[in-house]
Amino acid sequence: VFVAETGGQNAMIVDSSALAEQVVEDILRSAFDSAGQRCSALRILYIQEDVADRLLEMILGAMKELSLGNPILLATDVGPVIDERAQATITEHIEQMRGLGKKIHQYYLEQPGIEQKGGTFVPPTLIEIDTIEELKQEIFGPVLHIIRYKRQALDQVIEEINSSGFGLTM
């Protein structure tokens, strides 16, 4: 048996017609389940600027409720990433974005009694960026990039996504 998966910069486009409560649940599940270590995980979220502030507030509020810990426990939402190398690559990306002045949001609850010190945990992270072109590689972990767009620029957004050189489930 041979199983192969490819990498991607999977995008979701949310416009003003979306039911915010439903979309927040879908966003968190896709971006952070399995610690974002699925090739089909949501990596880039385009939000129509008319609803961006409200939706972002809801996403961040929901992120505060995510629990980080041992995935054997049902109460855990986000477990560790696969190894120290993956943890270092993801952390390096987050710090690089921070160094570029990007807004970084990290919220989570630690599971009580879980020793985090030796684990390869990366907290669920949201990074606000301006364009998909800022991403040079797939970040295979619990990191979601947010881009705001103007309603009239939807065709341009789709073109940017299609020409990024990345794709999978889209």
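Some notes on this structure:
- Residues within region 1-28 that are under 23 Å from Ile82 (Cβ atoms) and at pLDDT below 95, tallied: 10
- Hits in region 128-157 (condition: surrounded by 17 or more Cβ atoms within 10 Å (Cβ to Cβ) and among the aliphatic types (A, V, I, L, M)): Ile129, Ile132, Leu135, Ile139, Val143, Leu144, Ile146, Ile147, Val157
- Test: Ser30 is of a type in the set (Ser, Thr, Tyr) and more than 22 Å from Glu134 (Cβ to Cβ): no
The values are calculated or read from the model by the stated rules, or taken from the named source; none is laboratory data. Please read these numbers as outputs of a predicted model, since none were measured by experiment. Using ideal geometry, Cβ is built from the backbone for each residue, glycine included, and neighbour counts are taken over all protein chains shown.
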